[in-house]
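Only one structure is covered here, and it is reproduced in the block below.
Since every read-out is calculated from the coordinates, none of them should be taken as a lab result. The structure displayed is predicted, hence computed values, not measured ones. Cβ placement follows ideal geometry from the backbone for every residue including glycine, while neighbour counts extend to all protein chains displayed.
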Amino acid sequence: MEKLRSTVKAIAYSPQSQCISPFHLSLIPLLSVASSLYSIALRLRRHVYRFNILHSHWLPVPVISVGNLTWGGNGKTPMVELLARSFADAGISPLILTRGYCGADEAKMLKRQLQGTCAKIGVGANRVATALRFLDQYGFTSSHASFEQLFCENKTEVQSSNNKIGIAILDDGMQHLSVQRDLEIVMVNALMPWGNCRLLPLGPLREPLTALCRADILVIHHADLVKENDIDTLKSTIRKGNKSAPIFFTKMTPNYFFRCRDSSIKLSTMAVENATILCLSGIGHADSFIQRIQRMGPTFVDHLNFSDHHVFELQDLQMVHTRLEALELRFGAKPVVVVTEKDYDRAPEVLLHLKQYEVLVLCSRLQFLDDMGSTEERFRKIVGEYLSQR
């Protein structure tokens, strides 16, 4: 199954002009049929909601959707964390609504990152039911005066004295039509934006690029890892589908490592300098993770990449051990294993079986690039203005 996922991903992100293997070519007719059926189902689903056969619900609090047009690696969850922390700091209790896909690794990560704040996390495929359950349990407030705190330049941090929910955030919500939203934030991966521009599963697109017109704010993530010409091309494509929404640029900034065996021990990002590293990951696009580790000054960086949301099992560790032993033989020192927070939260117990080696977890935070007015202050102001207009 893992091999099949990797093959489908390779096809999806291969330019149409690029030569691919005979095996890949043999899969294309089947994937094309599946992609056509997906397109029909997509249009049918939209019509079902448009004609109120299925209903899209308004919640009694403002709703922000953070989503994307492609699978994985777009920075949705880091953006959700940034928003939730911003609202909590402004005294507004946020409710994050997430599906909890594949072991709810993203929900676990958010719970750990937002521990100690007034943020609440609801996990479930039926996000309307989940939201109503939390709103019934904690109550809600409809006062929007606090939204001004989001874009007050000299604001002081406010701790919510009120546990009532004031805002809902849909994690991966762009295609979730059962909940109406006041603000649509669409994330785009600058490293691998559209692939072959085909719909799933032949391509990486969940919706056609025309769906960009629904975005109120667009965020180009990993913008620091691509050339300026690539950013210009990406902006040009976005503007064909959405001429007016503000565009922001973000990156992931490494903050620290913690040890897999003891998450309370934090280490500087200098901890991997001059070390031999094996990056082990099961995320949407591992390239950004690997590049950021390479910038920390290790002697050598190797990597083992699995498909997005892959749950590491003991048989996977046989492959990991083989790679680690080869690195140790080559460089004469024990290599260090580095994983992302999502990988850690998905399978911390399995990673403990690598007891002969140091396993570090990289903690990073989303950061805005100040290029072309793409500041966090401006972002907060636009978000606050949208919500105040409800």
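Separation between the K243 and S36 pseudo-spin-labels, each 7 Å from Cα along Cα→Cβ, expressed in nm?
In this crude label model, K243 to S36 measures out at 3.5 nm.
What does the charge dipole of segment 253-365 about its Cα centre add up to, to the nearest 20 debye, if the Cβ of each Lys and Arg holds +1 and the Cβ of each Asp and Glu holds -1?
320
Could you tell me which of S32, G72, A333 has its Cα farthest along the dipole of the chain towards the positive end, charges placed at Cβ (Lys, Arg +1; Asp, Glu -1), taken about the Cα centre?
S32
Might you report the magnitude of the Cβ-based charge dipole of the chain about its Cα centre, with Lys and Arg at +1 and Asp and Glu at -1, to the nearest 20 debye?
920
Under a 10 Å cutoff between Cα atoms, tell me which one of A333, A275, A223 has the largest fluctuation in the Gaussian network model of the chain.
A333
So what is the relative contact order of segment 202-323, in percent, for Cα pairs below 8 Å that sit 6 or more residues apart?
Computed over segment 202-323, the figure is 19 percent.
Count charges around P62 for me, please; just the other residues with Cβ under 11 Å from its Cβ, Lys/Arg as +1, Asp/Glu as -1.
Net charge around P62: +1.
Which FRET efficiency value, to the nearest 0.05, is calculated for T210 and H321 with the Förster distance at 35 angstrom and r the Cβ-Cβ distance?
0.15
Let me know the shape class of segment 277-335, please: from the alpha-carbon gyration tensor, a ≥ b ≥ c as square roots of the eigenvalues, rounded when a/c is under 1.5, otherwise prolate if a/b is greater than b/c, or oblate.
Oblate, because a/c is 1.5 or more while a/b does not exceed b/c.
Can you give the relative contact order of segment 1-129 as a percent, counting alpha carbon pairs under 8 Å and 6+ residues apart?
16
Which shape class applies to the chain: rounded if a/c is under 1.5, otherwise prolate when a/b exceeds b/c and oblate if not, where a ≥ b ≥ c are the square roots of the Cα gyration tensor eigenvalues?
oblate
Helix-derived [θ] at 222 nm for the chain: sum -39500 (n - 2.57) over DSSP H runs of at least 4, divide by residue count, nearest 500?
Mean residue ellipticity, 222 nm, calculated: -11500 deg cm²/dmol.
Students often get this wrong: which residues of segment 273-287 have the backbone nitrogen under 13 Å from the point 7 angstrom along Cα-to-C-beta of F331?
273-280
Expected output is a single nm value to one decimal: the length gained when fully extending between E273 and S236, i.e. 0.36 nm times separation in residues minus the C-alpha distance. What is it?
9.5 nm
Starting from segment 293-372, pick out the GluC sites (Glu not before Pro) whose DSSP state is loop and whose Cβ has at most 13 other Cβ atoms within 10 Å.
E313
Assigning unit charges at the beta carbon (Lys, Arg +1; Asp, Glu -1) and nothing else, what dipole magnitude in debye, to the nearest 20, does segment 311-386 show about its Cα centre?
Result for segment 311-386 is approximately 100 debye, rounded to the nearest 20.
Using Cα pairs under 8 angstrom and six or more residues apart, how large is the relative contact order of segment 253-365, in percent?
36
Taking the Cα centre of segment 253-365 as the origin and placing charges on Cβ (Lys, Arg +1; Asp, Glu -1), which of N274, Q315, V361 is farthest toward the positive end of the dipole?
In segment 253-365, that residue is N274.
Give, as a single signed number, the net charge of other residues whose beta carbon lies under 15 Å from the beta carbon of S236, with Lys and Arg counted +1 and Asp and Glu -1.
Neighbourhood net charge equals +2.
Once both labels are modelled 7 Å past Cα along the beta-carbon direction, what's the N163-H57 spacing in nm?
In this crude label model, N163 to H57 measures out at 2.2 nm.
I need the calculated FRET efficiency for the pair S14 and E376, taking r as the beta carbon distance and R₀ as 30 Å, to the nearest 0.05.
With a Förster radius of 30 Å, E is 0.25.
When a/c is below 1.5 the answer is rounded, else prolate if a/b is larger than b/c, else oblate, so apply that to segment 214-370 with a ≥ b ≥ c taken from the square roots of the Cα gyration tensor eigenvalues.
prolate
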